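Notes follow once the structure below has been shown.
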Amino acid sequence: MALEEPDAAQASLGAEIRRRRKQQDTTLANLAAQAGISHSFLSQLERGYARPSMTTLERIARALGTTQVSLMLAADPGRAGNAPADAPPGAQIVRADQGAVLPQTGDDAGHARLLVNGDAAFYPQEHALGTREYGDFYRHEQDEWLHVVSGEIEVDLSDGRIVELRTGDSLYYAGGIPHRWRLVGPDVAHLIVVQASA
């Protein structure tokens, strides 16, 4: 989805994608092809004029040999020194209006928000899941745990294993296992997802 004006968080994300792409001496066209997105969308993204979905960011991260979380951290204004000053030493505070936010794929599909603003031993995220269709599989080397705060979802673990989860249920899976989620209940599902650091 194209933005009318550059957004500070998206500009940071785009700059990080461009930095990593140039570090690997890869052209816009090559990275776009590897990620399965258009050259023009990637160009807009690198300039802060487009907002990727979580699925698109996963493809870009995979093509760059990194993770979604690593790229989301670059989009978090808290990393630029705007984090709350009242955090005790050795602690981080992410207020309700902070943390990098990215949309899920599809119309009214929800969003994901990173709940830390810097280096951490693990990366919690808040997800609002509204799509009833499976998207692409996510696959990363880090272990992951998800908890359903409210709603009902289905998790496809790629080898025919489908796990249904309802409010209060949790699921842990090892890194390297392809996975994807979809809504099966009547209302948007709210999840907490925690990914181990790289």
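The values are calculated or read from the model by the stated rules, or taken from the named source; none is laboratory data. Fair warning: this is a prediction, and the values are worked out from it, not measured in the lab. Backbone-built Cβ (ideal geometry, glycine too); neighbour counts: all protein chains shown. Accessible surface is based on the protein model in full, side chains and every heavy atom, while ligands, DNA and RNA are left aside. Shrake-Rupley method; radii C 1.70, N 1.55, O 1.52, S 1.80 Å.
What FRET efficiency would be calculated for the residue pair Asp169, Asp25, taking the C-beta separation as r and a Förster radius of 45 Å, to the nearest 0.05? Could the numbers behind the result be given before it?
Details: r = 45 Å, r/R0 = 1.01.
FRET efficiency, Asp169 to Asp25: 0.50.
Restricting to DSSP loop positions (anything but H, G, I, E, B) with no more than 14 other Cβ atoms inside 10 Å of their own Cβ, which chymotrypsin sites (Phe, Trp or Tyr not before Pro) remain in the range 100-174?
Values: sites: Phe122, Tyr134, Phe137, Tyr138, Trp145, Tyr172, Tyr173; in loops: Tyr134, Phe137.
The qualifying sites are Tyr134, Phe137.
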- [ ] Return the single residue from Gln125, Gln34, Gln104 with maximal mean-square fluctuation; model: Gaussian network over the chain, springs between Cα atoms under 10 Å.
- [x] Gln34
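Explain nothing, just the number: dipole magnitude of the chain about its Cα centre with +1 on each Lys and Arg Cβ and -1 on each Asp and Glu Cβ, in debye rounded to the nearest 20.
On the way: 18 positive and 26 negative charges, 133 e Å.
Here the chain has a charge dipole of around 640 debye.
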Task: In nm, spacing of pseudo-spin labels at Asp156 and Arg47 (7 Å Cα→C-beta vector) - done: 3.6 nm
TODO: Subtracting the Cα-Cα distance from 0.36 nm times the residue separation, let me have the gained length for Arg95 to Val184 in nm, one decimal.
DONE: 29.0 nm
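Leaving out ligands, DNA and RNA, and with a 1.4 Å probe, what % of the accessible surface on the range 37-195 is carbon or sulfur?
The C+S portion of the solvent-accessible surface of the range 37-195 is 50 percent.
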Task: Gaussian network model of the chain, springs between alpha carbon atoms under 10 Å - residue of Ser150, Ser12, Ser38 with greatest fluctuation - done: Ser38
- [ ] Could you quote the convex hull projected area for the chain, Cα atoms only and averaged over all directions, in nm²?
- [x] 11.4 nm²
Task: Per residue solvent-accessible surface (Å²) - the range 95-176, probe of 1.4 Å - done: 51 Å²
TODO: Would you mind putting 46-58, 175-187 in packing order, based on average other-beta-carbon counts within 10 Å, highest first?
DONE: 46-58, 175-187
Open item on the list: Rounded, prolate or oblate, given the Cα gyration tensor of the range 128-189, with a/c below 1.5 counting as rounded?
Closed with: prolate
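So for the range 52-198, averaging the separation of alpha carbon pairs under 8 Å that are six or more residues apart and normalising by length, what relative contact order in percent results? Numbers along the way, then the final one.
On the way: 319 pairs, mean separation 33.5, N = 147.
This gives 23 percent for the range 52-198.
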